[in-house]
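This report concerns only the one structure given below.
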Amino acid sequence: MDTSTRKLYRGDCLEILQDYLEPDSVDLIYLDPPFNSKSNYNLPFRGKDKTHTAVQAFVDTWTWKPENDIRLAEFRRSGDPYSSIATVIDFAQQVEDLDARTRKRESSLAAYLLNMADRLIAMKPILRDTGSIYLHCDPTASHYLKLVMDTVFGKSNFRNEIVWAYRTGGVSARWFGRKHDIILFYSKSDKYSITVSKERSYNRDNKPYRFSGVEEFKDEEGRWYTMATMRDVWEINAIGRTSAERLGYPTQKPLALLDRIIEAACPSTGVVLDPFCGCGTTVHAAEDKELHWIGVDISRFAVELIRERVQSNFAHRLRDLDSISIIGLPEDITDARQLARMDPFEFEKWICGRIGSNGLGKRLGARGADGGIDGIIELDTVQDQKVVKETAIVQVKGGNVSADSVRALSEVVRRTGSVAGILVCFKEQASTVENQRSRDTWSDASGTYPVIQSFSVEDLLEGKRPLLPPRYGRRRGGRITA
Ligand SMILES: C[S@@+](CC[C@H](N)C(=O)[O-])C[C@H]1O[C@@H](n2cnc3c(N)ncnc32)[C@H](O)[C@@H]1O
């Protein structure tokens, strides 16, 4: 029987860490939180009509709120084990005050650090004594976060400041290309688990040294090198526009980076936790190595995307819907109805993630120019023995469906040159779609499909799929290709 831990939590990792995760249960924590970049990360979609639309995936901006004052005062109380956090926050506020360009603003850096401090403090008890934590950040925040990490994990448990160097587009003539991130590696104690691998170290002038006792190797181009202990500067390609791994999720990290961290820090039967897991790169790398894993993300869309990513890449061992425990997403029709009522936009995002749509075509919270498109499913159709990319439009209705909405969907399908439109609604609304929809069909080598169809939330929860070619929406994003 497979007793692996494969858990995805949807929620703020602070609550999940405090309320759901067991103390001393995790060997490796890798986290890649929002960086205080003052950006809103969008998921882009480029329609056939060449218009760009986007939806916010997550917001990476911080402002100081009244509750932050209360939390800061708690840190300041004498006897608080982490009282130095207050000193770090005060310092960050002073630094922002000193700078004429940030003085007038609310202290976003301090708000960011306070939020991170609470979450890092909650991570510490979850980590086993032999465990370690890798905090991924950028050079604008790393020096402040290092002070927070020194306070929480102890200065003597600092192990490395890893520089992940890459080459991506986007430069300025006013400074050197900013092409690295920082990963702060701390252990919980000095009994931590680590395997430091070797890397090629090229000899000066690429010639052999012939030192006694030193093994030397020659590469394909005749250059001589030795195998040396891996340094803390890692050159690993970032996810580029044409990368096979690319899922379109902003800030997606490469599998090779997570492979390296997991191979170094997680024992062979260990548990890996990523509390800000985005599109699930850590989870993917851990599953690949048959390790136990726990992923947390605040976004419903991200959690559904990870489920799809992992299940399609590891279909040979994760066939069942239940092979991954998902906590915090609607599990049954009552939960789904409640979400539709309480937060219609989150409901739409959740359905789009679950149905396998890879872009959300509507601006956050408002019907934009592409009104009527909630999600897009990319299809690999087979026509004249060739694979042809097509798209299907997803429209989600958490309430009543009118004849007008069915007509609007047909119009969007026509206007965007898509082959199909799927109206997702609760079962009792499906008859309106069925009565009003056009009977037109489209075909590829795999069969004939309706241009407009209804698909019920009930069927989606049971793991059924809309009538589409079999290769739809497979979000592989990994090493294994079809
Ligand atoms: C930089 S991305 C992580 C990208 C990830 N490493 C990957 O390769 O896809 C940060 C993620 O943190 C999530 N997030 C933001 N605040 C969160 C919180 N309080 N708890 C859990 N997740 C959060 C965002 O939704 C986003 O997916």
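Miscellaneous remarks
- Whole-Hz ³J(HN,Hα) from phi, Karplus 6.51 cos²θ - 1.76 cosθ + 1.60, for the range 448-453, glycine and proline x: 10, 10, x, 5, 10, 9
- Per-residue packing, averaged as other Cβ atoms within 10 Å, sorts the ranges 90-96, 278-284 into the order 278-284, 90-96, beginning with the highest.
- Span per principal axis, largest first, for the Cα atoms of the range 238-366 (Å): 46, 33, 25
- Taking amide H as placed 1.01 Å from N in the peptide plane, the amide H of G356 sits under 5 Å from none that are at least 5 places away or on another chain.
- Least to most buried among T441, T381 (fewest other Cβ within 10 Å first): T441, T381
- Distance distribution P(r), the chain, all Cα-Cα pairs, bin width 10 angstrom from 0: 4, 17, 26, 24, 17, 9, 3, 0, 0 percent.
- Gain in span if fully extended, T441 to T334, counting 0.36 nm per residue against the direct Cα distance: 35.2 nm
- Between I327 and F217, the contour length at 0.36 nm per residue exceeds the Cα-Cα span by 34.5 nm.
- Placed amide H near W234: partners under 5 Å, 5+ positions off or other chain: V163, W164, A165
- Cα long-axis angle, helix 300-313 against the chain (0 to 90 degrees, to the nearest 10): 90 degrees
- Applying a threshold of 22 Å to the alpha-carbon distances of K146/K188; K253/K386; K198/K289; K155/K253; K124/K198 flags K253/K386; K155/K253; K124/K198 as lying beyond it.
- With the convex hull drawn around the C-alpha atoms of the range 110-223, the volume per residue stands at 189 Å³.
- Theoretical FRET efficiency, 1/(1+(r/R0)^6), r = Cβ-Cβ of K386 and D343, R0 56 Å, to 0.05: 0.85
- Full extension of the chain between N203 and D69 gives 42.7 nm of extra length, using 0.36 nm per residue less the Cα-Cα distance.
- Protection-proxy order for peptides 264-272, 170-178, each taking the mean of Cβ atoms within 10 Å per residue, highest first: 264-272, 170-178
- Cβ-based exposure ranking for M123, M227, in which fewest neighbours within 10 Å come first: M227, M123
- Computed on the Cα trace of the range 333-461, the radius of gyration divided by the Kirkwood hydrodynamic radius gives Rg/Rh = 0.96.
- Equivalent-ellipsoid semi-axes of the range 279-324, from the Cα gyration tensor, Å, largest first: 16, 12, 9
- Here r is the Cβ-Cβ distance between T140 and T5 and R0 is 41 Å; the resulting FRET efficiency, rounded to 0.05, is 0.75.
- Label-point gap, in nm, between T269 and V196 - each point 7 angstrom along Cα→Cβ: 2.8 nm
- Rounded Å value of the spacing that divides the Cα centres of the range 188-230 and the range 305-343: 45 Å
- Size of the range 373-438 as Cα extents on the principal axes (Å, biggest first): 40, 20, 20
- Order of Y192, Y30, Y209, Y249 under a 10 Å beta carbon neighbour criterion, fewest first: Y209, Y192, Y249, Y30
- Sorted on the mean count of surrounding Cβ atoms within 10 Å across their residues, most packed first, peptides 62-70, 328-336 read 328-336, 62-70.
No value in this document is a laboratory result; all are computed from the given coordinates. Quick caveat, the model's predicted, so the values are computed rather than measured. Methodologically, a virtual Cβ is constructed for each residue, glycine included, from the backbone with ideal geometry; neighbour enumeration extends over all protein chains shown.
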